[in-house]
Structure formats: C-alpha cells, structure tokens
1. Could you list all residues from the stretch 35-89 that are touching a helix residue (DSSP H, G or I) at 6+ places or on another chain (Cβ under 7 Å) and not aliphatic (A, V, I, L, M)?
2. Quick one: which of S152, S156 is over 17 Å from the mean Cα position of the chain (by Cα), at pLDDT below 90, assigned to a loop (DSSP other than H, G, I, E, B) and farther than 23 Å from F52 by Cβ?
3. Of all residues in the stretch 228-237, which are surrounded by 14 or more Cβ atoms within 10 Å (Cβ to Cβ) and under 15 Å from H175 (Cβ atoms)?
4. Of the residues A179, A171, A165, A223, only one is away from the ligand (no atom under 16 Å from the Cβ) and surrounded by 17 or more Cβ atoms within 10 Å (Cβ to Cβ); which?
5. Looking at Q42, Q84, Q76 in this structure, which one is touching a residue at least 24 places away in the same chain (Cβ under 8 Å), in a strand (DSSP E or B) and surrounded by 15 or more Cβ atoms within 10 Å (Cβ to Cβ)?
6. Under the condition of being modelled with pLDDT under 90 and surrounded by fewer than 16 Cβ atoms within 10 Å (Cβ to Cβ), which residue from the stretch 186-209 is farthest from N38 (Cα to Cα)?
7. So how many residues does the stretch 190-220 have that are among the hydroxyl-bearing types (S, T, Y) and within 16 Å of the ligand (Cβ to nearest atom)?
Amino acid sequence: MTPNHVHEFMKTIIAYIMTCISVVAAGTNDVQVFTAFNTNTQPGILITLETFTRAGQTNLVRDTRTRGGTLTIRNQTFYHDGVQIGGHTTYPTTSFTYSVAGAPYSMSFQYDASNQLRSALVTSNATILELFTCTNGVFYSKDSAFLQKAASLSASLPQAQGPDATATCRATLHHLEGAKHTWALEHRQMNSAVPTDTDLFGREAYIREKPKCPRGGTYTIGAVEEHPLCSIPGHTF
Ligand SMILES: [Zn+2]
C-alpha cells in the first residue's frame with residue numbers, strides 16, 4: 001500500500017467516523033464499562049482502571065493514575081480476541097502510540113488535520129475488527145452496530161501494513177523512558193538512580209509486562225538521565 005493509499009484510507013475512515021457517531025442508536029450499544037478505583041498502591045496516587053467490553057470481550061483497558069488530581073500516567077491498551085494489539089500512553093509532558101509486533105491483527109491510529117488523535121482501528125485483511133474514537137487523548141470503544149456499518153465500507157479498503165520492527169522498538173524505548181521518568185518523579189529518585197525491572201514492570205507498576213524487542217534485542221533500562229538502549233544495531237531511541 002503506497003503512502004497515498006494509506007492517506008486516502010485514513011481520510012475515508014475519519015470522514016466515516018465523523019458522520020456515523022450520531023447515527024447509531026443508543027439502544028443497540030453492546031459496549032460495557034467496568035470501573036475500579038485503587039488508592040492503596042502508592043501513597044497519594046489514585047488508580048482508576050476502566051475495562052471496556054464489546055459483545056462480552058475486553059477490547060480496551062484504560063489505567064489512569066493521578067496524584068492530587070494531576071495526571072501522572074494514562075495507559076490505554078487495545079485488545080481483540082484476548083490478544084493485546086497496541087496501546088496509547090500519556091505522560092504529563094508527552095504521549096505516544098504503539099503497536100505490538102507479531103500480533104495477529106494490525107493496529108493503526110488516525111489523526112485529523114490539526115494532528116489530533118481521532119480514532120484507532122484493529123484490522124485484519126482490511127476488515128475492521130475493533131474501532132475506537134478518541135477525544136483529548138481518551139479512547140472509547142464503539143459498539144457492534146457501529147462496526148457492522150464500518151464493515152460495509154471497509155470491504156473496499158486496501159490492507160493496512162503491519163508495524164515496522166525498528167519503529168516498534170523505538171516506540172518501546174520511549175515507553176521505557178516515560179515509565180522511568182514517572183518512577184523517578186513519584187519516588188523522588190536522583191538522575192543517577194537506576195530502576196530495577198520490579199520498579200517498572202508488573203500489575204502495580206508502570207508497564208504491565210516487560211516489553212520485548214520485535215527482533216529479540218535486550219533492553220538496558222539505565223539511569224534516569226540516560227536513554228534506554230536496545231542491543232540490536234539501529235534500534236535507537
Ligand atoms: Zn530492539
């Protein structure tokens with residue numbers, strides 16, 4: 001698929017999403033949201049965990065952490081068929097999207113003319129499997145009726161490309177850096193401090209599971225003041 005085709009694909013999808021948001025009646029909505037709060041993990045930190053299901057299957061998990069009402073980190077993870085396909089992470093000063101390399105489906109993100117994120121798609125052979133709209137960096141699952149309408153359109157769309165390994169690894173390095181900085185901020189660590197895997201990874205930490213390089217490289221987290229490294233040549237921050 002040429003860049004021009006990709007551009008046309010995104011334009012069509014964005015136009016479609018914008019026109020259809022008000023079309024689907026509320027009564028057909030099969031999206032449910034389960035919300036849990038946790039204040040016990042770290043002092044002063046409120047964790048809000050929102051799990052979205054569509055047709056009974058989890059397709060979006062939003063983990064929002066605030067301290068004194070101020071956002072410290074928001075991890076949004078996209079799933080289809082129980083498999084993580086990609087995500088979006090927001091830190092106070094930056095945010096980024098990523099796709100999971102080797103996932104059985106493709107993840108793509110669409111931006112409007114002002115470079116604002118408007119939607120995310122999980123696709124397989126140009127079929128839309130999951131569709132999320134985005135407002136101010138916060139994603140919402142669309143229901144099955146909406147997806148069916150999207151399917152009639154997507155039949156004529158070209159296949160989306162999977163993520164490039166170097167770009168995926170670079171996104172992971174940025175993800176690691178963001179987690180490291182948030183850890184240093186929350187735990188008042190010096191720039192020379194080096195977090196351990198336990199500090200950053202796990203259900204109660206910043207990244208649920210330690211990320212893997214798509215080419216099997218080894219990650220060196222390093223000190224707060226250093227960029228994380230991958231052992232594969234060319235996989236740079
Ligand atoms: Zn790598």
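The values are calculated or read from the model by the stated rules, or taken from the named source; none is laboratory data. It should be emphasised that the depicted structure is a prediction, and the values quoted were computed from it without experimental measurement. Neighbour counts run over all protein chains shown; Cβ positions are idealised from the backbone, glycine included.
1. Listed by number, the residues that qualify are Q42, R54, T72, T89.
2. Result: S156 is the single residue among S152, S156 that is over 17 Å from the mean Cα position of the chain (by Cα), at pLDDT below 90, assigned to a loop (DSSP other than H, G, I, E, B) and farther than 23 Å from F52 by Cβ.
3. Selection gives P228, L229, C230, H235.
4. Of the residues listed, the single one that is away from the ligand (no atom under 16 Å from the Cβ) and surrounded by 17 or more Cβ atoms within 10 Å (Cβ to Cβ) is A179.
5. Q76
6. E209
7. Matching residues across the stretch 190-220 total 3.
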